[in-house]
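Take a look at the structure set out below.
The values are calculated or read from the model by the stated rules, or taken from the named source; none is laboratory data. Source: prediction; values computed, not measured. Counting neighbours? That spans all protein chains shown, and the Cβs are built from the backbone with ideal geometry, glycine included.
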Amino acid sequence: MLLLQEAAVHATSAAAGQAGESFAAFAPWLILALPLLGFVLNGLLSITAARRALPALPPVGDPHWDAHHEPSEQEHHAHGDDAHPAAHADDHGAHGHDAHGHGPKPATHTLPSFIAPGVLIAAFAVAVVNFLRMLAAHPETAWVHEYWSWMPVNDPTGALRVGAAIQLDQLSMLMTLVITGVGSLIHVFSVGYMKEDPGYPRYMAYLNLFVFFMLTLVLGASYPLMFVGWEGVGLCSYLLIGFWFKERANADAGKKAFIVNRIGDFGFLIAMFLLFANLGTLNFAEVMERAPAQMAFGGAVVTAVCLFFFLGAAGKSAQIPLYVWLPDAMAGPTPVSALIHAATMVTAGVYLVARSATLFTMAPVASLVVALVGTATAIFAASIGLKQWDIKKILAYSTVSQLGFMFAAVGMGAYVAGVFHLMTHAFFKACLFLGSGAVIHAMHEALHHTHSDMDAQDVRNMGGLRRYLPVTFWTMGIATLAIAGVPPFAGFFSKDEITGAAWDGAHGQLPLAAGLAKVGIDGTLWFGLIWGALSIAAFMTAFYMGRMMIYTFFGQNRTGEEERKHLHEGSWTLTLPLVVLALASTFGGFLNVEREVPIVRWFDFGQGEALHRWLHPVLAGADQVAEANGIAGAAVEPSAVPIAVAILLGLGGLALAWTMLSRRALRTAAEEPAYANGVERVLYHKYYVDELYDRVVVRTVGWLSRLQAGFDRYVVDGLVDFGGKMSEWLGVALGRFQTGQVNTYAFAILIGVTLVLYAFVHT
Amino acid sequence: MDFLKHLYEGPGILTFLIAFPLLGALAAWLVGDRSARATALVVGIVELLVSVPLFFTFDPTGTCPQSVIGRQNEGLPFAFSQLTVPFQNCTDAPWFADWGIHFRIGLDGISLFMVLLTTLLLPLMVLGSWTYIRDRQRTFYAMLLALTAGVVGVFVALDMFVFYVFWELVLIPMYFLIGVWGGKERVYAAVKFFLYTAAGSLLMLVAILYVYFRVHSVTGMSSFSYFDFMNPLAAFSAREEALLFLAFALAFAVKVPIFPFHTWLPHAHVQAPTAGSVILAGVLLKMGTYGFIRFAVPFFPDAAHAPGAVKWAMVLGVIGIIYAAMVAAVQPNAKKLVAYTSVAHLGFVILGIFAYNLIGLQGALMVMIGHGLSTPMLFFLLGMLYERRHSYEIEDFGGLAASIPVFATMLVFAAMASIGLPGTSGFVSEFLVLLGTFKTHPYVALLASTGVIFAAYYMLPMVQKVAFNALRSPANRDIPDLDRRELAILLPLVVLILWIGIYPKPFLDRMEPAALRLLATQSTRLAPPMQPMGDVAAAAPNP
Amino acid sequence: MQQIPLEQALGLSALLFAIGAFGVVIRRNAIILFMCIELMLNAVNLAFVAFSPRSGVQGQVFVFFVIAVAAAEAAVGLAIIISVFRHKESVDIKNFSLLRW
Amino acid sequence: MIILFWFFAVLAVSSALLTVTRKNPVASAIWLIATFFCLAAIYTLLGAFFIGIIQILVYAGAIMILFIFVIMLLNLGNDYEPDIRGHVWKVVAGGTSLVIAALLARAFSGELPAPLGHVAGPASLAAQTADRGTVGVIAIPLYTDYMVPLQFTAVLLLAAVVGAVVLAKRKV
């Protein structure tokens, strides 16, 4: 209803005229407040549920009591049977099908099904209303409203003014739509996926809280406020990765994610301090306004700011060298992986760079570093993805790789391309993760029936699932085509824009190339390298995605006779989000089709480049900086080469996978070795980076900590105790004079009297 | 309402806040073991209720006329009679008037929150000891109440003698709290605590007397008044001032505690009963930083501003932050871990103070408040765990989120508040400190900011090993979750932590004038330290 | 009547005091120790009395007090000696080192 | 007078020395009594008649009798233990004592401080004695100026009596 009304309003206002300044936000605080409300309600329900569940605790020692979690490859149970969250509702349900597991569920487990997706859909509606208004008005400046003053300090040497303020502009609007839109779908999916889990209300509470913080991140009008969301999503990620906390590996993964993220947060903090020390403000609008005037183009300060921001972004968005937490984060429930670790949170770093576009434009060196690190991450993670067997791990490395693409884009100054890929990636990667969730869900259910101890996430154990899970197959297939960069699916357009930007840069046509030239670096070689590396990464992407699809959905089914009977599609809550996301993956790319590009020009997309025009006000500051410094890019001559190469590589990768694998008889995990030769072994072990970090960083810090603890105990405290001991010894030594003999004392007094008398007489 | 306003503008309220717990201590002791805790609870709640309106009636720019408090002697070359005292609710009653000792107390924005923190923690501590303390109850609660009175006295004293008396008065009940109701090595811990802090304060006593006699010799007046100690006439040579500052600073550094003087703290915390740990971490440590802010720096501004002093303070603060965090990370004892985190947090306060700008100082004051909420919460939680399992060893726990979910939720919350997650008091305060420090000492702030990483590094493994992982032992499963009493302890802390994290403005506003005044006094000793009411030119010193 | 010179009386007082002190140091018999202390008290008394012709009668008043205090001291001290003797069967103070260390 | 003084002084000193050096406690006590008598005589010579009498009554009469009672009660007169310390002690203590005596004598022989309050003198003391009698000379200040110390002394004596009884009686 609201939408319809708004559409009407929009129509009338559009008719009234193109007054650009007439944008009036519609209760944007509701977008934040609704998920928070959901969190509070679900949190209360979860506490109620947890307290009520307590008396029914089974005796300790029951092997099934600790086992409520989703198995990942690290877990090997004597019985892999009850391992799925949806397998049975309560703790004793694994074998005994007592009434408890099948009775009507208590309100604490039914209400979240409505509350959690409900608040999200409502928030999405509010976001859409605001979007329509913004579409009508298309304001040139951001809409900022301060609700209360957060941290005011009237320092005479430079006041700090940070308000609890919401900033609505085209970028945050887009992010909000993605978060609430994809978020709503994943919430719906979660209802189907998690409703049998005993911790269901808690899960939904965390998920709502996550959305709240994510929205704070994108809607906050200043860096500190963004930081609130930044750390808040980290917290939720931590809680959700460790959602099945009884398994130590899950809790460890959550902890790892949080600590690695905190390393990034350190960079974010320092960048903020640098900004404040140099500009005296932390609000976006003021920073972007003052930065060009108060900081030198390409200077040390702005470069340092950007590099520290990038450290923060690298932590949050899993870039080299801080990417290691993301694959481990797959320990969380699969919808969490879809929402947090694919669609939204991990893209926060890209958002940060895009939001700070003005600063990054001013710092060409930092931008180049961003682009290079992004590229390196893209190809590095893609190569690891080639040899993973766990379906979620493949997707995880794929995510890292795709994030690398995004950073390459924003690093090269192609902010729109980065944000565009962010958006399409949110669609197809969410679709892939949810699809993998549906697969795992089905696999578990099947394996559960026969108490098989096969790994439900290993693609070697699947095979031929397209017959049993047709909806999942088709939607995942579309998403695979999208990520592989097959036209006309969404990923093709966005990825093409990125490689196209690199191609342009290699020809010296990017503003960044001019900027680099200005500080004395020849960027064209670097851009050529980036283009080549990204192309190879895209090829790898197509290959490992094809490999994953073939292992999962094609060929013979390898689950076994009995299990096969139980393989079936899940409920509509599982399939509906898949379908919607597949549609978005199909058509999402048309949002930013370039009009004048060869091949694409054959289709008529009207004006084209809608996203470019949409985001133009946000990036105006960056453009101005570029112009002011005379580095605005030369007119780009569209070239067909990168597009053709991209199409060829995408199709080629898929084709290679097909030719290599479709004819072969695939074998199960028990039969097929994890790796065959040295190269595969290194890839399978992810280049041993985790091991390296463990040796170099974790153990060193641990060793230093223990050393310092010893130092504290024995040296610092030892010195204190030594002081105490000294006085004790002194006491004992002097105590020897206390003979207990009155004569001695008397004599001592006598001596004293003599001395006093002597002094008395001789003065 | 007018009556109330009048009451809270008057001088009696602070005296009441000191005297009432003392009377309450007597009452708790007299009523006997059976009803001592109820008496203490009533006293605590009344104390809290009486103190809370101070928050609302407090006027950040409020002053007392000089006739109420301040200089006693008329024979000054300055026209000091025109000055007002930037404190409110002042009292000045002669005590040993011949020696210039008066019972002078007053409240400003800095002491306001320390007093409120103390009065807030008092009823919570009584509740926290409700079932924890089983023997010698009446003595315990009498000690607790006397301790509170002493702490309030420290924070409102405006007479150096009175301050010193309260400062030492705090030691005695604390000594007994640790030594009588503590753990296995309680006597060692109590003696160490007492001797270490007492030894530090003796240096301060010497310095106080030195300044007293110097002021006496210069002006001919005997006064222990806080304001007379800042008498511009009593100039010291650079060396004198450095030594005096060092004497004060050492006393406070032991109390804070700053890095090499911190080793009494883990022992004291581990051995102390819950209430003892709570008040130790919550307010006693703040007495040290408060001493820096209120006394050491304003009394000896030149020494305190000397590059050497600032450098050492910064270095020790940063060492405290990083070193204590790393040491905390490998502690097998949860209480010891939290004790070391206190050292790290107080390191931030030191940075904020010695950054010498308003952002840093406000941040330091906020850390003092925020740490006074989050760390007591952690200690309360550990105490609740101890009551159930009789252990503080991290290895003994695991999986508590399954058996006592509410407890685990609270633990995670307190841990997050402690490591400074945005939205909690910890973030606002540490952010301000680091921001302020960065403005003057960027590299120090850079190092100190790694504290956010180390905070996660020490806190998360503890939380994981206690609340998460598998539920291995039956002892951890068959324990009751938090009851209403325990929730009543924790929820006020939760609310306040969130409030300060989300809307710290009321706190910052109230502290700002006092903080600014402190920064102003630091310029040089030759300027009158207070805002003159009348004509400044008329008050200029005669050559 | 010829006056006794003040110096001589005081010299006697000093000598007696020294003898008493000497006794306190060399004797271990608690009772004799006490007697030596009485001797020293008397030496002081002598000084008081010697001064009284010169400085007024207050000196004699003090002697009065000293005698009273000495009487009290002797009573309590001897009681203590008796009490200790019951335990130790000795009045030798080398056996009375209870407060050592 | 001087001769008498010297006679008693030499007697007092030798009795005191004998008091200190006699091994037998009874002998010591007897010699101490002798010393006290000598001192009483010297007090009288110095014009302090009342103090002289008190000296004999209280010291020689009461206190020393108490000493002798205790010595006899504890049966210390017969097989007493030798209790004088070694030669080193004797020499060192004697030396120190002599030094003290010398220093005291030196102090007394120097310029003595002027008397406090109203100036007295041998004549005025004699006049007062003539006016008020030997007892009255002490009694009047004692019961006027020194009333409070007197009362305290009374309390002290009472406490001493009680304390002595408590300490000396066998078991409660």
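Worth a mention:
- Of all residues assigned to the range A:521-537, at least one qualifies as being of a type in the set (G, A, S), crowded, with 19+ Cβ neighbours inside 10 Å, modelled with pLDDT of 90 or more and farther than 17 Å from A:S367 by Cβ.
- Pair list, Cβ under 8 Å, 6 or more apart: the range A:215-230 residue closer than 14 Å to A:W148 by Cβ and more than 10 Å from chain B (Cβ to nearest Cβ), other residue charged (D, E, K, R) and surrounded by fewer than 24 Cβ atoms within 10 Å (Cβ to Cβ): A:A221/A:E146
- Sole exception among (1) over 30 Å from B:A520 (Cα atoms); (2) surrounded by fewer than 24 Cβ atoms within 10 Å (Cβ to Cβ) for B:N357, by number: (1)
- Residue-level analysis places C:I82 among those that are over 27 Å from D:L17 (Cβ atoms) and assigned to a helix (DSSP H, G or I).
- Index of the failed condition, D:Y43 passing every other in (1) over 16 Å from C:G11 (Cα atoms); (2) under 12 Å from the mean Cα position of the chain (by Cα); (3) at the interface with another protein chain (Cβ under 7 Å from one of its Cβ atoms): (1)
- Filter result for the condition that a residue is facing chain D (nearest Cβ under 7 Å) and surrounded by 24 or more Cβ atoms within 10 Å (Cβ to Cβ), over C:A21, C:A75, C:A71: C:A21
- The one condition in (1) buried (at least 16 other Cβ atoms within 10 Å of the Cβ); (2) more than 25 Å from A:G229 (Cβ to Cβ); (3) facing chain A (nearest Cβ under 8 Å); (4) among the polar types (S, T, N, Q) that B:N476 fails to fulfil: (3)
- Any chance B:I479 is farther than 30 Å from A:A271 by Cα and either assigned to a helix (DSSP H, G or I) or hydrophobic (A, V, I, L, M, F, W, C) (or both): yes
- Residue check: A:A331 meets all listed conditions (1) more than 16 Å from A:G267 (Cβ to Cβ); (2) at pLDDT 90 or above but one, namely (2).
- All helices (runs of 4 or more DSSP H) inside the range A:676-727 with 3 or more residues being at the interface with chain B (Cβ under 8 Å from one of its Cβ atoms) and either at pLDDT below 85 or in contact with a helix residue (DSSP H, G or I) (Cβ under 6 Å, 6 or more places away or on another chain) (or both): A:699-710
For (1) crowded, with 24+ Cβ neighbours inside 10 Å; (2) in contact with a Leu (Cβ under 7 Å, 6 or more places away or on another chain); (3) in contact (Cβ under 8 Å) with a residue 24 or more places away in the chain; (4) not in a loop (DSSP other than H, G, I, E, B), each residue gets a yes or a no:
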{"site": "A:M173", "(1), (2), (3), (4)": "yes, no, yes, yes"}
{"site": "A:L177", "(1), (2), (3), (4)": "no, no, yes, yes"}
{"site": "A:T180", "(1), (2), (3), (4)": "yes, yes, yes, yes"}
{"site": "A:L185", "(1), (2), (3), (4)": "yes, yes, yes, yes"}
{"site": "A:V191", "(1), (2), (3), (4)": "no, no, yes, yes"}
{"site": "A:D197", "(1), (2), (3), (4)": "yes, no, yes, no"}
{"site": "A:P201", "(1), (2), (3), (4)": "yes, yes, yes, yes"}
{"site": "A:M204", "(1), (2), (3), (4)": "yes, no, yes, yes"}
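- When D:M1 is tested against (1) crowded, with 20+ Cβ neighbours inside 10 Å; (2) at the interface with chain C (Cβ under 8 Å from one of its Cβ atoms), only condition (1) is not met.
Quick grid of which residues meet (1) assigned to a helix (DSSP H, G or I); (2) of a type in the set (V, I, T); (3) touching a Gly at 6+ places or on another chain (Cβ under 8 Å); (4) modelled with pLDDT of 85 or more:
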residue	(1), (2), (3), (4)
B:G75	no, no, yes, no
B:S81	yes, no, no, no
B:T84	no, yes, no, no
B:P94	no, no, no, no
B:F103	no, no, no, yes
B:G106	no, no, no, yes
B:F113	yes, no, no, yes
B:L116	yes, no, no, yes
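- Any hit, the range B:128-136, residues being crowded, with 23+ Cβ neighbours inside 10 Å and assigned to a helix (DSSP H, G or I): yes
- Looking at B:V318, B:V327, B:V310, just one residue is of a type outside the set (S, T, Y), facing another protein chain (nearest Cβ under 10 Å) and over 17 Å from the mean Cα position of the chain (by Cα), and that residue is B:V327.
- Members of the range B:412-462 found to be touching a helix residue (DSSP H, G or I) at 6+ places or on another chain (Cβ under 9 Å), surrounded by fewer than 24 Cβ atoms within 10 Å (Cβ to Cβ) and more than 8 Å from chain A (Cβ to nearest Cβ), listed by number: B:F413, B:T440, B:H441, B:V444, B:L447, B:M462
- Residue in the range A:282-294 that is nearest to the other protein chains (Cβ to nearest Cβ), counting only those that are of a type outside the set (G, A, S) and buried (at least 18 other Cβ atoms within 10 Å of the Cβ): A:L282
- Residue within the range A:267-281 that is facing another protein chain (nearest Cβ under 8 Å) and not hydrophobic (A, V, I, L, M, F, W, C) present: no
- Of D:I33, D:I51, all but one fail to be facing chain C (nearest Cβ under 8 Å), part of a helix (DSSP H, G or I) and crowded, with 16+ Cβ neighbours inside 10 Å; the exception is D:I51.
- In summary, A:K246 fulfils each of the numbered conditions (1) more than 10 Å from chain B (Cβ to nearest Cβ); (2) of a type outside the set (S, T, Y); (3) in a loop (DSSP other than H, G, I, E, B) with the single exception of condition (1).
- Here A:L730 fulfils each of the conditions (1) more than 14 Å from chain C (Cβ to nearest Cβ); (2) over 57 Å from the mean Cα position of the chain (by Cα) apart from (1).
- Within the range B:196-210, no residue that is on the phi > 0 side of the Ramachandran plot and surrounded by 23 or more Cβ atoms within 10 Å (Cβ to Cβ) sits with its Cβ atom under 7 Å from a residue that is in a helix (DSSP H, G or I) and not hydrophobic (A, V, I, L, M, F, W, C) at 6+ positions apart or across chains.
- Screening the candidates B:L482, B:L493, B:L471, B:L508 for the property of being touching a residue at least 24 places away in the same chain (Cβ under 8 Å) and more than 11 Å from chain A (Cβ to nearest Cβ) yields one hit, B:L493.
- The helices (runs of 4 or more DSSP H) found entirely in the range B:267-328 include none that carry 3 or more residues being crowded, with 23+ Cβ neighbours inside 10 Å and touching a strand residue (DSSP E or B) at 6+ places or on another chain (Cβ under 8 Å).
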